[in-house]
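I have placed the structure first, in the form of structure tokens, so that the comments after it can refer back to it.
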Amino acid sequence: MNFRFIVLILFFVIIFSDGSAQQHVLDSLKNEIEKSQRQDSFRIKVILEYVVEALNNNTSDFLPYMNEVISISKKTDYKRGLQKGFMIGQIYFSDRGDYETAFLYADSAFSVLKNDASLKARQSTGHLHNNIAGDYFKLGDYEKAIANFTLSARIFEPMDHPFLATVYSNLAEVYEKIHEPSKALAYDKKAIVIAEKSQNDRSLASRLLNYSMRLINQKEFTEAATVLDRAEPIIMKLENISHLQQFYYTSAYIDENDKDHNKAVAHYKKALGYATLNEDVYQKTNILEALSDCLIRMNRMEEAKLYLDTLLLLSNGHDLKAARRNAYVNLVKWHEKSGNYKNANLYLQKTLALNDSLFSEESKEKIAGLEVRYHVERKEQEINGLKAKANIQSLTIRQKNTLNYILIGGALTLLIISSLSYRHYKQKQKLQQQRITELETEKQLSAAEAVLKGEEQERTRLAKDLHDGLGGMLSGIKYSFNTMKGNLIMTPENHQAFERSMDMLDSSILEMRRVAHNMMPEALVKFGLDTALKDYCHDINQSGALHVSYQSIGLANGNPDQTVSITLYRIVQELITNTLKHAGAKTAIVQVTKNGGILSVTVEDDGKGFDAATLGQSKGFGWTSIQHRVDFLKGKLDIKSAPGQGTSVHIEFTS
């Protein structure tokens, strides 16, 4: 869902124009801006008209205009100009992913709007809540997204405003994301009712298409088909390329459910044509993946291969890794069905490698998103703290003035009261600062815990999918190979090629098991930390890349709980990985000691070492991950290293 696009178009359409962005209109408005050099409300109006017309093109030149609108409005005390300038600022920085700055501009806009009781100000407030709800949705903070979308709806509901259709549709998107389909479908229905009242065919077509796709996601194919039938005449009348592409793509899903594959292929091809006209590469890859899969199941192999080649070419040309993975998966099916098990195995290995890469990128994106959310929440806490402090200071001043009027003749008493008030203020300020520091520490630990738990849950899920899904596929291919061998008479050359293929298949099975094991070692879950670390070090020794000695003291009396065990296992795994990649070491030692309530881990190597003083400047993901895990355990991390003297890492915490 493109919140920014929806909000910009509908918000500014209401205020200024019908949203057409023809180049000659843009050029004409730019000329008007150049002619109007007076710093007044007329220049602000011309600039804002240009901004509206430019929305469908880009926002790259909004920044100087936004700053000028704010500057002129402050000089002339033009509140409406300030409101619009700050709202453009929120849109500009949100469009670039700078959500912290976008929220600051939103706060400024709210501050200017709150004392304005006009209808336009209330509508602007509703649009602003919708805007920042979209930002929270993109950050993964669905609770705040729902809260702000709801505030936007409450503003527009008494007006029975057409924009309600957009707000309800956005709420449906959030509820589907958090797996509450009944609420999502209920808001879709409300959005359709509003769109019908407004008699806006474009809005109604969008709402009906969204509703039908959500019904398909819930396997309600019959009702989805009914909704599409209702949308079809509206879509055909509008002749909008995006609507037509989505209509035929959705229709193809319903055809496949009805087992009418020929009709599904025809609809997929029409959707592909409109996506090509719209230059929508992302949708083209989705359609190509579904179309090629359908053709493979129909055994139309040559045609399927043509679309698969196009999908692979597009995904490589635009660096769309998820689309490339989908192409590899369908190529595995295509070669397996064609009897070319060797190529099927090759694409299976490519799929595994790309899955690992995508998992790493998704983990980094989730961590980055959590960090942005954390910084935004810290900003909100700081603002609330400053507001509270300002209220306290204002109250103190009023109290002092009252005391001055009452005790005008008692200078000595006033001095004593002032002294006590100052001491009380300083003590309260000190306690407040301590509390802020405690809250910040708790927030950091909560963020780290969320990242670590999310990472382990995703590792466990992927490990299960690899073992149960791909493992079963590989075993089936191997069984087919063995069956073929018993039923075919082969030449010595074919026999040799067959055995090589079997060897490659065995290697793939081993590689799949290795990847799944690394994601979530079975020994760690079943037998605990001591056994898991012993197995891990043994595996490293068997690889010949590094000789690792493992020692444990005190763990025989009981392993730590599973959360602590997983965290320590990942720390050791990351440290050994760093040794293998960067240290050039021959030997390493891993020692885990449990003495009473103290648990310590030491990892040493005889590698080339590094300057430990520069570690704080490192931007490497590995050391950051280790530090987050140590902080999560509330432990102490000590790193000793120097060039040519190896590296020693010691971690200690209370279990």
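Report for the stretch 526-654 the percent antiparallel among DSSP-assigned beta bridges with both residues inside it, nearest 5.
Numbers: 22 of 29 bridges.
Expressed as a percentage, antiparallel bridges in the stretch 526-654 total about 75.
Quick one: compute the contact order of the stretch 526-654, relative version, from alpha carbon pairs under 8 angstrom and 6+ residues apart, as a percent.
Values: 208 pairs, mean separation 29.9, N = 129.
For the stretch 526-654, the relative contact order is 23 percent.
Under unit Cβ charges (Lys, Arg +1; Asp, Glu -1), what dipole magnitude, rounded to 20 debye, does the stretch 526-654 have relative to its Cα centre?
Working: 12 positive and 12 negative charges, 31 e Å.
The calculation lands at about 140 debye.
Taking other Cβ within 10 Å of each residue's Cβ, how do 249, 65 sort, fewest first? Kindly include the intermediate steps, with their values, before the conclusion.
Working: 249 23, 65 20.
Lowest to highest Cβ neighbour count: 65, 249.
Quote to one decimal, in nm, the extra length available between residue 183 and residue 586 on full extension: 0.36 nm per residue of separation minus the C-alpha distance between them. Mind dumping the intermediate values first?
Details: separation 403, 0.36 × 403 = 145.08 nm, distance 5.93 nm.
The residue 183-residue 586 span can extend by a further 139.1 nm.
For the stretch 118-253, go through all pairs of different Cα atoms, get the mean of 1/r, take its inverse, and jot down that Kirkwood value in Å.
Working: mean 1/r = 0.0653 Å⁻¹.
Taking the inverse mean of 1/r over all distinct Cα pairs, the stretch 118-253 comes out at 15.3 Å.
Fewest to most neighbouring Cβ within 10 Å: what's the order for 603, 69?
Details: 603 22, 69 26.
Fewest-to-most ranking of 603, 69: 603, 69.
Using just the alpha carbons, could you tell me how many Å³ per residue the convex hull of the stretch 526-654 encloses?
On the way: hull volume 12.9 nm³, N = 129.
Dividing the Cα hull volume of the stretch 526-654 by its residue count gives 100 Å³.
Please state the Cα pair-distance histogram of the stretch 240-324 with 5 angstrom bins from zero: what percent is in each bin?
Calculated P(r), rounded to whole percents: 3, 17, 27, 24, 19, 9, 1.
Could you put 298, 213 in order, starting from the residue whose Cβ has the fewest other Cβ atoms within 10 Å?
Numbers: 298 14, 213 18.
So the residues, fewest neighbours to most, are 298, 213.
Using 7 Å Cα-to-Cβ label points, what is the residue 547/residue 430 separation (nm, one decimal)?
6.0
A short reminder: the numbers here are calculations on the coordinates, not readings from a lab. All values reported here derive from a predicted model rather than from experimental measurement. Counting neighbours? That spans all protein chains shown, and the Cβs are built from the backbone with ideal geometry, glycine included.
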